[in-house]
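In what follows, a structure is listed as C-alpha cells, so that the remarks can point back to it.
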Amino acid sequence: MSAWKVLLTDGLEENGKEILRKSVELVDKPGITADELLQVVGEYEGLIVRGRTKVTAAVFDAGKKLKVVGRAGVGVDNIDLEAAKAHGVTVVNSPLATSVAVAELTMGLMLSAVREIARADAGLKSGKWLKKELEGTELMGKTLGIVGFGRIGAAVAKRAAAFDMKITGYDPLIPADEIRKRGGEPVSLDALLASADFITMHLPLTPETKGMLDAKAFAKMKKGVYIICAARGGVIDEAALLEALNSGKVAGAALDVYATEPPGQSELVMHPKVVGTPHIGAQTMEAQTRAAHDISEEVINAMENQPLHWRVA
C-alpha cells in the first residue's frame with residue numbers, strides 16, 4: 001500500500017471503500033464540519049465528497065498535499081474549480097453512475113405532478129376520498145421540452161418516448177444531429193418554451209445557467225405548463241416560479257432540488273401545486289454502488305497519473 005491518504009467526508013458505499021483500501025490509507029469522517037475539514041485536510045493527498053461538503057478556496061489553500069478531489073456523483077458546483085486549477089489539484093466525478101436513477105425520478109415527478117399523486121395519497125390517509133377533485137391529464141401526445149440533452153436528458157427522452165410524448169430538446173453544447181440521435185427534435189430555447197406542455201431541466205449550475213427559467217422565460221411559456229427539475233435548484237428563479245404558479249401560468253411543478261438546501265417550509269415548497277422531494281435523484285442502491293466504484297477507481301487513477309475518464313478540472 002502506498003503512503004497516500006484519502007479522506008471521505010460524506011460517506012461511500014462499501015464496494016468503493018474496498019477499492020480504495022487496496023491502494024491508499026482511507027479515513028472516513030462522515031459529517032465532518034467545514035472548520036474541522038480545514039484543520040485536517042492538509043494531511044491528505046485525496047478527498048472524496050458528495051454534495052454536502054463544500055470544497056472552497058480555503059480548503060485548497062489548507063490542502064497542501066492535495067492531488068485530487070473526487071465528487072461521487074455528477075454536480076461539482078460545491079467545488080471551487082478555479083481554486084483547484086490554481087493549486088494544481090485534479091477534480092474528477094462519476095457522471096455515468098446516476099443517469100438512470102435521475103431519469104426515472106424525473107418520470108415519477110412528472111406523473112406525480114400531473115396526476116396529483118401526493119395529494120391523493122395524503123387525502124386517502126387522512127380519510128378523504130378526493131376522486132372528483134383529482135382529474136389529471138395524460139402524458140400521451142403532449143410535448144416534453146428537455147433543456148440539457150446530455151446523458152440524463154437523453155435517458156429521459158428514451159423513457160418519455162415510451163409514453164408517446166413528442167420530445168423537443170435544447171442544448172447549445174450538443175449538435176442538432178446528435179440531439180436527433182438521442183430522441184429529440186432540436187429547437188431554440190425560445191421555441192421550446194413556447195411549445196412545451198412539460199419542461200424538464202437537465203443541466204449543471206453555472207453562471208450561464210443560473211436563473212435560466214426566470215420571469216422572462218415563464219412569460220414565453222404556454223398557460224398550463226408543468227415544470228420539472230431534478231438537476232440543480234439554481235437553474236430556476238424560484239420567486240419567478242412561485243409567481244407563475246400563483247398566476248396559473250404554470251399548472252404545476254415537481255422539484256427535487258432547490259436554490260437553498262434544505263429549503264425549509266418555504267412558500268414554494270408548501271404550494272399546493274408543487275410536488276417536492278429532498279434531492280433524492282441519485283438515491284438508489286444501484287446508482288450509489290456505481291458511483292462508489294467509478295469515483296474510487298478514478299481517484300486512484302489520478303494519484304497514479306493514469307488516464308482519466310471524467311476529469312472536470
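Any read-out appearing in this document is the output of simple, stated calculations on the displayed coordinates, not a laboratory observation. Values in this document were obtained by computation on a predicted structure and should not be read as measured data. In this analysis, Cβ positions are derived from the backbone assuming ideal geometry, glycine residues included, and neighbour counts consider all displayed protein chains.
Adding -39500 (n - 2.57) for every DSSP H run of four residues or longer, then dividing by how many residues the chain holds, sets the calculated 222 nm ellipticity at -10000 deg cm²/dmol. Report, in listed order, any pair from K29/K64; K166/K249; K131/K220; K17/K65; K54/K220 with a Cα-Cα distance greater than 30 Å. Checking Cα-Cα distances, K131/K220; K54/K220 exceed 30 Å.
In percent, what relative contact order does the chain have, based on Cα pairs under 8 Å that are 6 or more apart in sequence?
Rounded, it is 20 percent for the chain.
Distance from the Cα centroid of segment 190-221 to that of segment 98-123 is 20 Å (rounded to whole angstrom). Provide the FRET efficiency to the nearest 0.05 for the K85-D214 pair, computing r from the beta carbons and using R0 = 25 Å. Given R0 = 25 Å and the Cβ-Cβ separation, E is 0.25. Ranked by the mean number of other Cβ atoms within 10 Å per residue, highest first, peptides 239-249, 97-107, 160-170 order as 97-107, 160-170, 239-249.
Each of T33 and N15 was given a label point 7 Å from its Cα along the Cα-to-Cβ line. The distance between the two points is 3.6 nm. Here the gap between Q265 and I280, fully extended at 0.36 nm per residue and compared with their Cα-Cα distance, gives a gain of 3.6 nm. Normalised by residue number, the volume inside the convex hull of the Cα atoms of segment 84-170 is 145 Å³ per residue. Summing Cβ point charges (Lys, Arg +1; Asp, Glu -1) relative to the Cα centre of segment 99-276 gives a dipole of roughly 420 debye.
Oblate is the label for segment 58-208. Its Cα gyration tensor axes, ordered a ≥ b ≥ c, give a/c of at least 1.5 and b/c at or above a/b. Take every pair of alpha-carbon atoms less than 8 Å apart whose residues are at least six positions apart; their mean separation over the length of segment 209-299 yields a relative contact order of 26 percent.
Assign one of three labels to segment 222-285, namely rounded, prolate or oblate, based on the Cα gyration tensor with a ≥ b ≥ c the square roots of its eigenvalues; rounded applies when a/c is under 1.5, prolate when it is not and a/b is larger than b/c, and oblate otherwise. Prolate, because a/c is 1.5 or more and a/b exceeds b/c. Here's the picture: a label point sits 7 Å out from the Cα of N246 along the beta-carbon direction, and within segment 260-274 the residues with their amide nitrogen under 20 Å of it are 260, 263-274.
For a footprinting-style exposure proxy, rank W129, W310 by other Cβ within 10 Å, fewest first. With the fewest neighbours first, W129, W310 line up as W129, W310. If you plug the beta carbon distance of M140 and D190 into 1/(1 + (r/R0)^6) with R0 = 22 Å, you get a FRET efficiency near 0.30.
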